[in-house]
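Chemist: Sending over a structure as structure tokens; questions will come in a sec.
No value in this document is a laboratory result; all are computed from the given coordinates. The structure displayed is predicted, hence computed values, not measured ones. Cβ sites come from the backbone with ideal geometry, for glycine too, and all protein chains shown count toward neighbours.
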Amino acid sequence: MKTDPDVIVIGAGGGGPVIAKELGELGINVLVLESGPWYGNKKWPEPNENRGEVKTSSDPGDLDGLLYRSQLTRLENDMNDFVSGKFRWGSTDRRRTPWYRNIPDQAILWQTAGIGGSTIHYYANSPRAFPDAINNEWPISYDELIPYYEKVEATLPVEFAPTTTKDALFYFGAEKAGFSLNKTLDATTKGFRPQPNAILPPNQHLMDPNYSMEELSHMEGCTLSGHCGQGCPYGPTYEKMAKRSTNVSYVPLAMKTGNVSFRPNTFVTKVLTEKNANGNDHATGVQVRDTWTGEIEECRAKVVVMAAGCIETPRLWRNSDLPYNPWVGRGLTNHYMDMVTGTFDEKTLMDIVGSSTVNPFVGHTSSARLDYPGLGMIEIIGESPGLSAQSLFGFSQSGYNRLHPSDSSLWDGRGRLVGSELEEAMEAYRRTLTLSIITDDEVQFRNRVELDPHIKDEHGAVPRVHYTPSEKSKQRREQLAKIATNILRKAGAKKVHRTDLPPNYFIHLQSTMRMGFVVDGSCEAYQVERLFIADNSADYNSLGGPNPTATTQALATRTAELLADKYF
Ligand SMILES: Cc1cc2nc3c(=O)[nH]c(=O)nc-3n(C[C@H](O)[C@H](O)[C@H](O)COP(=O)(O)OP(=O)(O)OC[C@H]3O[C@@H](n4cnc5c(N)ncnc54)[C@H](O)[C@@H]3O)c2cc1C
């Protein structure tokens, strides 16, 4: 006998598993449909090689930490290659091409398909929004969000990042640049602080020579090995992995309720609706396509939740021919990012941090931050060498550094490094500190996700993405780049290189289905009853600069409550 779920959730990334777990705990039956693979589930022992024997998994006993560890090889290219890596945006079968997005400009649009979604390789920074960016702008107040932030912070859990060499150097520079420690979760003034990260505290035996590295990596707690970007397969069991991506945190908790099933390798191609007696549209289910077999079927439910991320949620709305709303897909923000990298000499480092290297990869990948309400924020990025070479020195709107000798007294170089310049920069990699600039990005109607009128793939018209920052966002980014450079100089950097990232560098995608325009204050669509949103797209704005996921998770927790009250 086939029983339809009460609720279908589309997408198991930053938001989907959160609402699924909360609804499951309320006794509501949920089916989560996810387009990508499931790493670490015994039902799919070779997830990239074949489709497995079953379609869904709901038993927490299916989750296997050792399997997860064998599949997340930690090899940068195997995991992160945009075309064929396990964390790519594309089908589970790696022999196939990635799923196409048309972005007419120079771009990186970094998202992952799979149970855990883009949180599989995120840095786990989990700050709250800036209160001033919520109050007086969003239809709901910051105070309303606080209990939900608290619940998310306790569930993941979120802890302040431990201090490693790169953080000590950053704090030293930030203090010399005139900033002070901001001891708060609710940042209303500027200041630096350790990142509130969804990463377990360090393993207590980390410095004990009686334990080998291998032994430590099977124990509870962060190993400080810097593999956040490669998924972090470190811990005694699947659900105790140190970095708290949703696949290892919320997914097992959802399964434990006994009310939630997850189905990977399933792409939702249409949201199905019917007319009510009063003539309004309401969601009744979805049409899906099995990404291995191409088989198409329909699943029915009383409520549908879209949590497919900022590109696919509006794409799906439009491909489903849901009612026209000019704001669907509009208002895209991305924190208009940039990077500056300081290179230090050994003596300076010895004097300041007592070590001749920074070793940026040691510790949490992003472990300390400077909040600057009104402008955005600055945070440390300690990527592994391959990703550093790519994003710090390989991708820029300035073109090749060599072709335009420094145009500013602030930076020794700007733009792409190649050949001997790149070799030199990477030889000094262990003595670098990189700061990422994350701008309070203004919402603009022109920035958008729309359907490409000419190109379709197996899931319908593909998304076309346009983003150009506003003048205000550009000015804020310039100011932050100068502040970050000053911090590096004050810390003793001998050279500072500015990446000058192109505007279409998409890591923090937000606000394409904005609250107050497409969804109401409870995240239900104005034009389609029983259709909710629980991903970054429901954000009214870019939160003032803070990383978005914790706010999405707080909102999803709140939405579960409101949805359950209204319909169950
Ligand atoms: C390198 C990197 C580092 C980051 N670090 C941080 C950080 O430290 N802190 C932070 O807050 N944010 C960080 N982010 C951003 C973070 O990953 C996102 O904010 C978060 O994952 C967004 O959650 P989401 O649910 O909106 O989308 P996603 O996590 O992208 O999830 C969407 C899910 O839906 C699935 N899906 C899409 N379409 C369909 C469909 N039609 N049918 C079925 N399934 C579908 C996708 O496969 C995916 O699993 C980082 C991102 C990157 C790339």
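Chemist: Identify all lysines with a Cα-Cα distance to LYS302 below 26 Å; exclude those on the same chain that are fewer than 8 residues away in sequence.
Modeler: Straight-line reach from LYS302, under 26 Å: LYS2, LYS21, LYS55, LYS256, LYS270, LYS275, LYS566.
Chemist: About the Cα centre of segment 101-207, how large is the charge dipole given +1 on each Lys and Arg Cβ and -1 on each Asp and Glu Cβ? Please answer in debye to the nearest 20.
Modeler: 360
Chemist: Hey, can you rank 508-520, 243-255 by average C-beta count inside 10 Å, highest first?
Modeler: Highest mean packing first, the order is 243-255, 508-520.
Chemist: While we're on this one: Based on C-alpha coordinates, I'd like the Rg and Dmax of segment 1-51, in Å.
Modeler: 12.7, 37
Chemist: Still on this structure, please answer the following. Express in % the proportion of alpha carbon pairs of segment 141-241 at distances exceeding 20 Å.
Modeler: More than 20 Å apart: 52 percent of the Cα pairs in segment 141-241.
Chemist: List LEU555, LEU272, LEU316 from most exposed to least, where exposure is judged by having the fewest other Cβ atoms within 10 Å.
Modeler: Placing the least packed residue first, the sequence is LEU272, LEU316, LEU555.
Chemist: Still on this structure: If the convex hull of the alpha-carbon atoms of segment 346-413 is projected onto planes in all directions, what is the mean projected area in square nanometres?
Modeler: 6.8
Chemist: Per residue, how much space in cubic angstrom lies within the convex hull of the C-alpha atoms of segment 1-142?
Modeler: Enclosed volume per residue, from the Cα hull, is 185 Å³.
Chemist: Please work out the FRET efficiency for the pair ASP412 and TRP292, using the Cβ-Cβ distance as r and a Förster radius of 56 Å; give the result to the nearest 0.05.
Modeler: 0.65
Chemist: With each pseudo-label sitting 7 Å past Cα toward Cβ, what's the GLN390-GLU214 distance in nm, one decimal?
Modeler: With each label placed 7 Å out from Cα toward Cβ, I get 3.0 nm.
Chemist: Here's something else I'd like to know. For segment 505-568, what is the convex hull (Cα atoms) projected area averaged across all directions, in square nanometres?
Modeler: Result: 4.3 nm².
Chemist: Averaged across orientations, what area in nm² does the convex hull of the alpha carbons in segment 427-516 project? Write down the numbers at each step before the final one.
Modeler: Working: hull surface 37.4 nm².
Averaging across all directions leaves 9.4 nm² for the Cα convex hull.
Chemist: Convert 20 °C to kelvin, take the viscosity as 1.002 mPa s, use the Kirkwood radius over C-alpha pairs of segment 61-155 as Rh, and evaluate the Stokes-Einstein diffusion coefficient in µm²/s, rounded to a whole number.
Modeler: 129
Chemist: A further question on this structure: P(r) for segment 273-429, please, calculated from all Cα pair distances in 10 Å bins and given in %.
Modeler: Going from the shortest bin to the longest, the percentages are 8, 23, 23, 16, 17, 11, 4, 0.
Chemist: Roughly how tilted is helix 549-567, in degrees to the nearest 10 and between 0 and 90, from the longest Cα axis of the chain?
Modeler: That helix lies at roughly 20 degrees to the long axis.
Chemist: Could I have the simple spin-label model distance between LYS472 and LYS275, label points 7 Å from Cα toward Cβ, reported in nm to one decimal?
Modeler: A separation of 4.2 nm, rounded to one decimal place.
Chemist: Just to be sure I understand the model, the point goes 7 Å from the Cα along the line to the Cβ. What's the resulting ASP132 to GLN527 distance in nm?
Modeler: 3.6
Chemist: Follow-up. In Å, what Kirkwood hydrodynamic radius results for the chain from the alpha-carbon pair distances?
Modeler: 23.7
Chemist: Turning to a different aspect of this structure: Could you give the length gained by full extension between SER356 and ASP520, i.e. 0.36 nm per residue of separation minus their alpha carbon distance, to one decimal place?
Modeler: Additional length available on full extension: 53.6 nm.
Chemist: Add -39500 (n - 2.57) for each DSSP H run of 4 or more in the chain, then divide by its residues: what number comes out at 222 nm, to the nearest 500 deg cm²/dmol?
Modeler: My calculation for the chain gives -7000 deg cm²/dmol from helical runs alone.
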